[in-house]
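Reviewing the structure listed below.
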Amino acid sequence: MGLKPDKWIKKMALEQRMIEPFEEGQIRNGVISYGTSSYGYDIRVADEFKIFTNINSATVDPKNFDPRSMVDFRGEVCIIPPNSFALGRTVEYFRIPANVLTICLGKSTYARCGIIVNVTPFEPEWEGYVTLEISNTTPLPAKIYANEGIAQVLFFEGDEPCEITYAMKKGKYQGQQSIMLPKL
């Protein structure tokens, strides 16, 4: 990055539509913060969720995931049952350049409550809304606040584009428009 990281993120977001909608500063008043940070971008979770349920006593199988294991929920606050998880998606839509890779880590506000956010890297030329896995590791119900910060994306810029991008591989999660369950 020739520019300071926060300036680079702003340039990429505005000129290449890397993040939409894009918040130039950090929004903090009365909410879990989101927007541009020193070396990354704090993403928000949208108001749609898929909450894991054991109602069908199914086995969790990543090769053959039973969609009946999830309950759809839409609202400003999602309650995740104890020792369970929910899937969400970002408010932001991402278009990752061919020479950029990201890593995403949960925000400390949630981590300090036993809520873990897991997101795989955004590969070069991946685009879409990000599916978020939000785990409640506690023995109590946990609140997740929609349209507020949930995780921080860190951007790593290579000297040149990678040889084979996610788009070239025709990745199975390319262009996600909603929460995506596991695919084989």
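The values are calculated or read from the model by the stated rules, or taken from the named source; none is laboratory data. Just so we're clear, the structure is a prediction, and the values are computed from it rather than from any experiment. Cβ atoms come from the backbone with ideal geometry, glycine included; neighbour counts cover every protein chain shown.
Some notes on this structure:
- Sub-8 Å Cβ pairs linking a first residue in the stretch 168-184 that is more than 17 Å from Val45 (Cβ to Cβ) to a second residue that is of a type in the set (Asp, Glu), at least 6 apart or interchain, are Met168/Glu125; Gly171/Glu123; Gln174/Glu127; Gly175/Glu127, ordered by first then second residue.
- Tyr145 being at pLDDT 95 or above, over 21 Å from Ser84 (Cα atoms) and either among the hydrophobic types (A, V, I, L, M, F, W, C) or within 19 Å of the chain's Cα centre (by Cα) (or both): no
- Lys11 part of a helix (DSSP H, G or I) and either over 21 Å from Glu148 (Cα atoms) or charged (D, E, K, R) (or both): yes
- Enumeration of residues in the stretch 16-70 that are out of contact with any strand residue (DSSP E or B) (no Cβ under 8 Å at 6 or more places or on another chain) and either in a strand (DSSP E or B) or among the hydroxyl-bearing types (Ser, Thr, Tyr) (or both): Ser38, Ser57, Thr59
- Some residue of the stretch 106-124 being hydrophobic (A, V, I, L, M, F, W, C), more than 17 Å from Ile32 (Cα to Cα), assigned to a loop (DSSP other than H, G, I, E, B) and at pLDDT 95 or above: yes
- The set of residues in the stretch 54-100 being β-branched (Val, Ile, Thr) and under 16 Å from Pro182 (Cβ atoms) consists of Thr59, Val60.
- One residue from Leu154, Leu184 being under 14 Å from the mean Cα position of the chain (by Cα), farther than 19 Å from Pro21 by Cβ and not basic (Lys, Arg): Leu154
- Complete set of residues in the stretch 14-33 that are at pLDDT 95 or above, loosely packed, with under 15 Cβ neighbours inside 10 Å and within 24 Å of Glu125 (Cβ to Cβ): Arg17, Glu20, Pro21
- Verdict on Phe85 being surrounded by 14 or more Cβ atoms within 10 Å (Cβ to Cβ) and part of a strand (DSSP E or B): yes
- Only one of Thr59, Thr36 that is without any contact (Cβ under 8 Å) to a residue 60 or more places away in the chain and surrounded by fewer than 18 Cβ atoms within 10 Å (Cβ to Cβ): Thr59
- Leading residue by the ranking (farthest from Lys172 (Cα to Cα)) among those in the stretch 125-162 that are among the aromatic types (Phe, Trp, Tyr) and not in a loop (DSSP other than H, G, I, E, B): Tyr145
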